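The values are calculated or read from the model by the stated rules, or taken from the named source; none is laboratory data. As the structure is a computational prediction, the values presented were derived from the model and not from experiment. Cβ placement follows ideal geometry from the backbone for every residue including glycine, while neighbour counts extend to all protein chains displayed.
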Amino acid sequence: MWNDERLLNRIEEFRADLRIQKMDEFIQHGRTTTLQHVIRVAALALWFNKVLRAGVNEDDLFLAAILHDYYLYDWHTFGDKLHGYHHPYIAAQNAARDFNASHAVQRMIETHMWPLNIRDIPRSRGAWILTLSDKVISTQETVAGLFVARNRLAEG
Ligand SMILES: [Fe+2]
Ligand SMILES: [Fe+2]
């Protein structure tokens, strides 16, 4: 089982990758970049895996979490209003192309927006852990972003 050091090392390895660094150019929620977001999701997903004793392969879970939003465009300005629906499939394709993501990892990525993508239900423990972790972190980032906006208004 991964310890904290192993997790930090893996994060640093990915951070050094120029393709991964692209995610730092885009805002995900509030003031959080996509890269910051996926790292938080990865850390939480591995924590859930441990405390729930889910037994998901940690390499797979980590890769799926780091790449779950690897769609590589600014969703605020690019594309249609259906970003929420489409981006899991784009991210999964990019993950396969750039990081040789396995079918299992791709499926975790593809189902992470459930229940928005109502028919694409998570079908593995790893997929459930990923969708749950993403929702927890996204909510936290959105709420934090609202507080920042409110404080800015209050400061005038
Ligand atoms: Fe996403
Ligand atoms: Fe996400």
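Here are a few things to note about the model shown:
- Residue check, ARG40 charged (D, E, K, R), within 11 Å of ligand 2 (Cβ to nearest atom), within 22 Å of ALA149 (Cβ to Cβ) and in contact with a helix residue (DSSP H, G or I) (Cβ under 8 Å, 6 or more places away or on another chain): yes
- Checking each residue in the range 24-69 for being in a loop (DSSP other than H, G, I, E, B), over 12 Å from the mean Cα position of the chain (by Cα) and modelled with pLDDT of 95 or more picks out LEU52, ARG53, ALA54, GLY55, VAL56, ASN57.
- Filtering the range 142-153 for residues that are within 13 Å of ligand 1 (Cβ to nearest atom) and in contact with a Leu (Cβ under 8 Å, 6 or more places away or on another chain) leaves an empty set.
- Test: residue in the range 74-88 that is in a loop (DSSP other than H, G, I, E, B) and among the aromatic types (Phe, Trp, Tyr): yes
- Filtering the range 100-145 to residues that are in contact with a Ser or Thr (Cβ under 6 Å, 6 or more places away or on another chain), buried (at least 23 other Cβ atoms within 10 Å of the Cβ) and part of a helix (DSSP H, G or I) leaves only ALA127.
- Pairs linking a residue in the range 129-149 that is closer than 21 Å to ARG53 by Cβ and away from ligand 2 (no atom under 12 Å from the Cβ) to a residue that is among the small types (Gly, Ala, Ser) and not in a helix (DSSP H, G or I), with Cβ atoms under 9 Å and 6 or more positions apart or on different chains, are ILE129/ALA54.
- Qualifying residue in the range 41-59 (condition: without any contact (Cβ under 8 Å) to a residue 12 or more places away in the chain, surrounded by fewer than 18 Cβ atoms within 10 Å (Cβ to Cβ) and of a type in the set (Lys, Arg)): yes
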